[in-house]
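The values are calculated or read from the model by the stated rules, or taken from the named source; none is laboratory data. All of these numbers come straight from a predicted model, not from anything done at the bench. Cβ placement follows ideal geometry from the backbone for every residue including glycine, while neighbour counts extend to all protein chains displayed. These area figures cover heavy atoms from the full protein model, side chains too; ligands, DNA and RNA do not enter into them. Shrake-Rupley method; radii C 1.70, N 1.55, O 1.52, S 1.80 Å.
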Amino acid sequence: ADALTELNAYLNELVGFGSSMQWRDVYADSALTIDSTYPAQRILCRHTSALTLTLPEGNTSYPIQDGFRVGIVDASGAAATYNITLARNGWKIAASAANATISTNSASVVYMFRADLGDWKLASTLAVGDDLPFPAEFDLGIALLLAHRLSGEYGQRLAESDMYAMMGAKNKLRNRYAPPPIMYPEGAVSNLGGVTTKVGITGQDQSVA
């Protein structure tokens, strides 16, 4: 129970609730297909009947990038009566080839896209037996992170070698998943943090301060 609490707290920090991302709020009063052009969207459901949210399909111009986040919030507090269905649109959801259903009042969940699997992984409120949303290469690093976060409570310390391994895994995780995936078609120009980026036809970025 302690480890799950720490794990979910860490996931919340990593997938965008530690102020590393700017979320776009989208209001859903009726059926909605989620836009594929913005990589961090929070869908606020204000429904008074059963509601279906369709995950983005993606295409050549706007592929769904690894790490794309979708948060779903039952703002109406009515999901137990009026279920929220997450339609998979050809992708898997939590390793299942079936739509997902949210049926708990005031639920708030986050899904993160794994491009290598074509799978929307649950990235919040994990329970015992749930898969981590990250590739298996991060399993040991996350175990060490949890051990470190729990060490004070249990009066233990990581060995020096494990501490270095934990720090390396933490940096690797944050570098890969904390920044938002930026999605632009070829030839588009963006400005992020004072750096203008043009995505060329070759796919190589050209950045100038």
### Message
Give me the 1.4 Å probe accessible area per residue for the stretch 1-104, excluding ligands and nucleic acids, in Å².
### Response
46 Å²
### Query
Normalised by the number of residues in the stretch 1-141, what is the relative contact order in percent for Cα pairs under 8 Å and 6+ residues apart?
20 percent
### Query
What does the highest-first list of 61-73, 145-157 look like by mean Cβ count within 10 Å?
61-73, 145-157
### Length added when fully stretched, D35-L126, from 0.36 nm per residue minus Cα-Cα
30.2 nm
### Query
Which percent of the accessible area of the stretch 30-145 is formed by carbon and sulfur heavy atoms (probe 1.4 angstrom)?
49 percent
### Query
Label R157 and N99 with points 7 Å out from Cα along Cα→Cβ: what is the distance between them in nm?
5.5 nm
### Task
With an 8 Å cut-off on Cα pairs and a minimum separation of 6 or more residues, tell me the relative contact order of the stretch 138-177 in percent.
52 percent
